[in-house]
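Participant: For reference, the structure I am asking about is given below.
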Amino acid sequence: MTRDVVMVSVDSTLVAAARQMREHDIGDVFVLEDGRLFGVLTDRDIVVRAVARGLSPDVVTAGDICSRKLVTVSADDGEWYAVELMRLHTVRRLPVLDQERPVGVLSLGDLAIDLDRDSALATISAAPPNT
């Protein structure tokens with residue numbers, strides 16, 4: 001699990017969210033409302049749901065286009081439970097919550113590193129990012 005997740009508020013513009021993604025070299029941010037997880041915004045969401053539709057990233061907010069139907073786990077859930085959730089819902093990342101507050105994100109790559117260190121996915125996930 002990655003504990004240092006980047007969070008933006010529901011009213012952050014897409015430009016502000018994209019800057020956070022660039023600054024932290026990540027592809028998604030958690031969107032919060034009143035300290036609780038509201039949704040997840042990815043770089044793909046920005047492109048497909050806003051820019052490709054001609055919406056202004058200076059006006060549209062993270063809360064407007066983020067994914068809201070989230071599959072989450074608690075910090076106490078086991079890795080194999082997370083794997084099954086990912087399979088069932090075909091997702092690559094799971095927000096990790098303590099009650100309704102985000103404490104981290106568990107990725108498919110994290111699980112590959114922990115559960116199958118010799119796999120191609122684990123090797124790719126452990127490598128430094130392309131910049």
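The values are calculated or read from the model by the stated rules, or taken from the named source; none is laboratory data. In this text, all values refer to a predicted model and were calculated from it rather than measured experimentally. Using ideal geometry, Cβ is built from the backbone for each residue, glycine included, and neighbour counts are taken over all protein chains shown. Heavy atoms of the whole protein, side chains included, go into the accessibility calculation; ligands, DNA and RNA do not. Shrake-Rupley method; radii C 1.70, N 1.55, O 1.52, S 1.80 Å.
Participant: Can you tell me which of Ala82, Ala17, Ala50 is closer than 15 Å to Leu97 by Cβ, open to solvent by less than 40 Å² (accessible area, probe 1.4 Å) and in a helix (DSSP H, G or I)?
Facilitator: Ala82
Participant: Looking at (1) under 16 Å from the mean Cα position of the chain (by Cα); (2) surrounded by fewer than 12 Cβ atoms within 10 Å (Cβ to Cβ); (3) at pLDDT below 95, find the lone condition where Arg22 falls short.
Facilitator: Among (1) under 16 Å from the mean Cα position of the chain (by Cα); (2) surrounded by fewer than 12 Cβ atoms within 10 Å (Cβ to Cβ); (3) at pLDDT below 95, Arg22 violates only (3).
Participant: Further question: Output the qualifying pairs, or none if there are none: Cβ atoms under 8 angstrom, residues six or more apart or on different chains, first residue in the stretch 100-111 and under 12 Å from Leu32 (Cβ atoms), second residue open to solvent by less than 20 Å² (accessible area, probe 1.4 Å).
Facilitator: Close Cβ pairs (under 8 Å, with a partner that is open to solvent by less than 20 Å² (accessible area, probe 1.4 Å)) amount to Pro102/Phe30; Pro102/Pro95; Pro102/Val96.
Participant: Separate question: Would a scan of the stretch 88-95 turn up a residue that is modelled with pLDDT of 85 or more, within 19 Å of Arg22 (Cα to Cα) and open to solvent by less than 70 Å² (accessible area, probe 1.4 Å)?
Facilitator: Checked the stretch 88-95: no residue is modelled with pLDDT of 85 or more, within 19 Å of Arg22 (Cα to Cα) and open to solvent by less than 70 Å² (accessible area, probe 1.4 Å).
Participant: Of the residues Leu37, Leu55, which is surrounded by 12 or more Cβ atoms within 10 Å (Cβ to Cβ) and assigned to a loop (DSSP other than H, G, I, E, B)?
Facilitator: Leu55
Participant: Does Leu115 count as at pLDDT 95 or above and surrounded by fewer than 17 Cβ atoms within 10 Å (Cβ to Cβ)?
Facilitator: It is false that Leu115 is at pLDDT 95 or above and surrounded by fewer than 17 Cβ atoms within 10 Å (Cβ to Cβ).
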